[in-house]
Amino acid sequence: MPSYNEALDLLITEAQHAPPTTETVPLCDALNCISKCEYRSPSSTPKHDTSAMDGYALNAAATRTASPSTPIIFHVAGTMAASDAPMVISGEPDSDASVYPCVEIMTGARFPEAIEGDHRPFDACVKLEDVDVLVGRGERPSGNRYIQVVKPVDANQNRRVAGRDFSEGDTVVKAGTRIKPRHVMALAAVGVREVEVVRIKVGVFSTGNELSADARSRVQDVNGPYVTACLRDWGIDVDFLGVLDDGAETMVSALESRLRGNKYDIIISTGGVSTGRFDLIPTSLEDLVARVVFHKIAIRPGHPGLFAKIPIPDTYGPETAFFGMPGNPVASAACLRFLVLPYVQRLQGQSPESAFKATIRRDHNEPQTNGAIKHDINGSKSLISTCPADKDIFRPGILHRHPTSKLDVVLINDHSPNKIKPFLESNCWIHVPQGESELHEGDIVDVFLNE
């Protein structure tokens with residue numbers, strides 16, 4: 001029987017020899033998918049100097065002496081929208097040396113390009129609400145527009161300078177990244193319209209006649225919906241394939257039909273994987289000439305977990321990964337989280353998940369004085385729980401984040417693998433490694449989120 005770490009090593013080795021299918025999808029369809037490739041910015045962004053505000057592009061130095069009593073007057077030489085080609089005009093004052101040119105400019109529009117040799121380039125934008133708009137001025141023809149600026153404007157104010165966001169060659173998305181909305185924003189900004197993503201297809205079976213019996217004796221199928229929902233939440237394509245009845249021939253036939261065509265990268269079943277009379281998954285795998293990598297692991301819950309590679313019928317070489325998980329819901333959930341997920345992550349090219357470190361507490365409602373740890377009568381930290389030292393233990397817990405960023409976790413004591421209500425109350429798993437037999441108040445433990 002392999003230890004948990006040995007089972008993980010076996011899973012990783014097998015995943016390395018099973019390259020997943022990839023697919024190029026439109027950027028908007030890539031959400032929650034895993035990027036197969038690294039994407040870099042093909043150019044610096046923004047490509048041009050643009051306005052960050054609706055306002056007026058002008059020369060900042062010309063406003064150096066502006067005040068309410070001595071406003072600086074600018075002549076509005078034109079208007080630019082975000083889609084317009086840049087105007088090319090001189091930034092120097094006209095024949096009236098007290099009047100400088102400016103350009104009404106919309107958010108995202110390119111700054112005017114100064115004529116070569118100009119000493120007063122357009123280098124700032126003053127917001128609409130910070131100027132007074134004048135129509136006509138003195139004896140000038142009516143209809144000309146002017147603005148007056150009553151306070152100095154800083155150079156580059158409200159100006160997005162070209163190349164100040166992404167530089168050419170910057171990494172936008174690394175290979176193995178799960179694409180979130182912020183990645184979509186960044187990829188769109190650098191002009192990426194399609195993304196090559198990893199596509200993992202999983203088929204899920206439940207097992208047991210009790211799940212397909214008539215209404216009077218039927219047992220609710222918990223694992224099928226739960227496993228399917230988790231996989232979808234992880235961005236995996238999944239089909240629920242129904243219930244495998246407790247008959248060896250029908251079980252083999254159903255599995256064989258789903259293996260044909262190599263449609264699924266992974267097939268998962270829940271229940272029927274132990275050593276009871278109706279635990280027929282192991283014998284069905286024998287009939288399918290499966291290569292069993294491990295069956296039974298030194299973990300709790302999930303001890304009967306099985307991983308195999310099944311040859312695809314009528315082919316030479318290709319195999320489909322198969323996970324057989326226990327029927328007890330929490331045991332099945334532990335196998336999914338700590339066996340299936342690491343295998344999937346390796347297929348996707350993702351880095352191994354790191355645990356959070358949290359301080360274990362007896363009860364989150366128990367008052368604590370200045371963070372002090374309670375001790376028993378012998379002066380040692382009080383015992384919370386004992387664990388079998390020959391197994392890795394995964395227990396549901398409730399993780400609490402404090403304003404100070406400190407993490408505390410409470411162990412759920414009612415941890416029977418077939419009880420769902422305590423699991424419902426949890427938001428994490430506590431991992432107790434093989435070799436540790438006791439948990440004490442104040443111990444630092446490994447925690448994995450389960451939300």
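The values are calculated or read from the model by the stated rules, or taken from the named source; none is laboratory data. Being a predicted model, the structure only gives us computed values, none of them experimental. Glycine also receives a Cβ, built like all others from the backbone with ideal geometry; neighbour counts cover every protein chain displayed. The accessibility values were calculated without ligands, DNA or RNA, using every heavy atom of the protein model including side chains. Shrake-Rupley method; radii C 1.70, N 1.55, O 1.52, S 1.80 Å.
Yes or no: Thr320 surrounded by fewer than 21 Cβ atoms within 10 Å (Cβ to Cβ) and assigned by the TED database to the domain that holds Glu210? Spell out how you get there, then give the answer.
Details: surrounded by fewer than 21 Cβ atoms within 10 Å (Cβ to Cβ): no; assigned by the TED database to the domain that holds Glu210: yes.
The answer is no for Thr320.
Can you tell me which residue in region 108-123 is farthest from Asn59 (Cα to Cα), limited to those that are open to solvent by less than 70 Å² (accessible area, probe 1.4 Å) and modelled with pLDDT under 90?
Taking region 108-123 and keeping what is open to solvent by less than 70 Å² (accessible area, probe 1.4 Å), we get 108-112, 114, 117-118, 120-123.
Now drop any that are not modelled with pLDDT under 90, which leaves 114, 117-118, 120-121.
Numbers: Ala114: 10, Gly117: 14, Asp118: 11, Arg120: 6, Pro121: 6 Å.
Restricting to residues being open to solvent by less than 70 Å² (accessible area, probe 1.4 Å) and modelled with pLDDT under 90, the top hit is Gly117.
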### Task
Being open to solvent by less than 20 Å² (accessible area, probe 1.4 Å) and more than 30 Å from the chain's Cα centre (by Cα) is the filter here, so list the residues in region 289-315 that pass it.
Phe294, Ala298, Ile310, Ile312
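Results for (1) over 30 Å from Leu255 (Cβ atoms); (2) assigned to a loop (DSSP other than H, G, I, E, B); (3) in contact (Cβ under 8 Å) with a residue 60 or more places away in the chain, shown as yes or no for each residue.
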residue	(1), (2), (3)
Gln157	yes, yes, yes
Arg164	yes, yes, yes
Glu168	yes, yes, yes
Val172	yes, no, yes
Gly191	yes, yes, yes
Val198	no, no, yes
Val204	no, no, yes
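Looking at region 50-61, is at least one residue in a loop (DSSP other than H, G, I, E, B), closer than 30 Å to Lys151 by Cβ, acidic (Asp, Glu) and at pLDDT below 90? Spell out the reasoning first.
Of region 50-61, the ones in a loop (DSSP other than H, G, I, E, B) are 52-54, 59.
Now restrict to residues that are closer than 30 Å to Lys151 by Cβ: 52-54, 59.
Still in the list and also acidic (Asp, Glu): 54.
Filter once more, so that each one left must be at pLDDT below 90: none.
There is no residue in region 50-61 that is in a loop (DSSP other than H, G, I, E, B), closer than 30 Å to Lys151 by Cβ, acidic (Asp, Glu) and at pLDDT below 90.
Check Ile34, Ile105 and return the single one that is at negative phi, surrounded by 19 or more Cβ atoms within 10 Å (Cβ to Cβ) and either touching a residue at least 60 places away in the same chain (Cβ under 8 Å) or within 33 Å of the chain's Cα centre (by Cα) (or both). Let's see the steps before the verdict.
Details: Ile105 fails: either touching a residue at least 60 places away in the same chain (Cβ under 8 Å) or within 33 Å of the chain's Cα centre (by Cα) (or both).
Sole residue among the options that is at negative phi, surrounded by 19 or more Cβ atoms within 10 Å (Cβ to Cβ) and either touching a residue at least 60 places away in the same chain (Cβ under 8 Å) or within 33 Å of the chain's Cα centre (by Cα) (or both): Ile34.
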### Query
How many of the residues making up region 278-292 are at pLDDT 90 or above and either among the aromatic types (Phe, Trp, Tyr) or touching a Pro at 6+ places or on another chain (Cβ under 7 Å) (or both)?
1
### Task
Would you mention how many residues in region 164-177 are surrounded by 15 or more Cβ atoms within 10 Å (Cβ to Cβ) and not charged (D, E, K, R)?
6
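For region 115-122, indicate whether the set of residues that are part of a strand (DSSP E or B) and in contact (Cβ under 8 Å) with a residue 60 or more places away in the chain is non-empty.
no
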### Message
Scan region 219-242 and tell me whether some residue there is over 28 Å from Arg178 (Cα atoms), open to solvent by 20 Å² or more (accessible area, probe 1.4 Å), part of a helix (DSSP H, G or I) and acidic (Asp, Glu).
### Response
no
### Message
Step by step: first the residues of region 198-213, then only those that are at pLDDT 95 or above and among the β-branched types (Val, Ile, Thr), then the one that is farthest from Pro329 (Cα to Cα). Which residue is that?
### Response
Val202
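Can you find, within region 53-66, the residue that is farthest from the chain's Cα centre (by Cα) among those that are open to solvent by 30 Å² or more (accessible area, probe 1.4 Å) and more than 19 Å from Ile89 (Cα to Cα)? Break it down stepwise before answering.
Filtering region 53-66 down to residues open to solvent by 30 Å² or more (accessible area, probe 1.4 Å) leaves 53-54, 61, 64-65.
Restricting the remaining residues to those that are more than 19 Å from Ile89 (Cα to Cα) gives 53-54, 64-65.
Details: Met53: 32, Asp54: 35, Arg64: 48, Thr65: 51 Å.
Applying the filter and picking the extreme gives Thr65.
Being in the same structural domain as Arg361 (by the TED database), open to solvent by less than 20 Å² (accessible area, probe 1.4 Å) and closer than 14 Å to Pro301 by Cα is the requirement here; does Asp408 meet it?
Numbers: in the same structural domain as Arg361 (by the TED database): yes; open to solvent by less than 20 Å² (accessible area, probe 1.4 Å): yes; closer than 14 Å to Pro301 by Cα: no.
So Asp408 fails the test.
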### Query
Can Val126 be described as open to solvent by 30 Å² or more (accessible area, probe 1.4 Å), among the β-branched types (Val, Ile, Thr) and not in a loop (DSSP other than H, G, I, E, B)?
no
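Any residue in region 279-300 that is among the basic types (Lys, Arg) and in contact (Cβ under 8 Å) with a residue 60 or more places away in the chain?
So the first thing to find is which residues in region 279-300 are among the basic types (Lys, Arg), and the list is 291, 296, 300.
Those still in the list that are in contact (Cβ under 8 Å) with a residue 60 or more places away in the chain too: 296, 300.
There is at least one residue in region 279-300 that is among the basic types (Lys, Arg) and in contact (Cβ under 8 Å) with a residue 60 or more places away in the chain.
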#### Entry: In region 343-356, the residues that are at pLDDT 95 or above and either part of a loop (DSSP other than H, G, I, E, B) or surrounded by fewer than 20 Cβ atoms within 10 Å (Cβ to Cβ) (or both)
none
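Yes/no matrix, rows are residues, columns are (1) closer than 21 Å to Ala81 by Cβ; (2) modelled with pLDDT of 90 or more; (3) open to solvent by less than 60 Å² (accessible area, probe 1.4 Å):
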residue: Asp94; (1), (2), (3): no, no, no
residue: Ser142; (1), (2), (3): no, no, no
residue: Ile147; (1), (2), (3): yes, yes, yes
residue: Asp154; (1), (2), (3): no, yes, no
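May I ask you to list the residues in region 252-287 that are closer than 25 Å to Arg232 by Cα, open to solvent by less than 20 Å² (accessible area, probe 1.4 Å) and in contact with a strand residue (DSSP E or B) (Cβ under 6 Å, 6 or more places away or on another chain)? Give the derivation first.
Step one: filter region 252-287 for residues closer than 25 Å to Arg232 by Cα, giving 254-273, 281.
Right, trim to open to solvent by less than 20 Å² (accessible area, probe 1.4 Å) and you get 255, 259, 264, 266-273, 281.
Matches in region 252-287: Leu259, Tyr264, Ile266, Ile267, Ile268, Ser269, Thr270, Gly271, Gly272, Val273, Ile281.
Inside region 178-215, can you point out the residues that are of a type outside the set (A, V, I, L, M, F, W, C), within 23 Å of Leu341 (Cα to Cα) and open to solvent by less than 30 Å² (accessible area, probe 1.4 Å)? So that I can check it myself, show each step before the final result.
Initially, region 178-215 is screened for residues of a type outside the set (A, V, I, L, M, F, W, C), giving 178, 180-183, 191, 193-194, 196, 199, 201, 203, 206-210, 212, 214.
Those left that are additionally within 23 Å of Leu341 (Cα to Cα): 178, 180-181, 183, 196, 199, 201, 203, 206-207.
Selection gives His183, Gly203, Ser206, Thr207.
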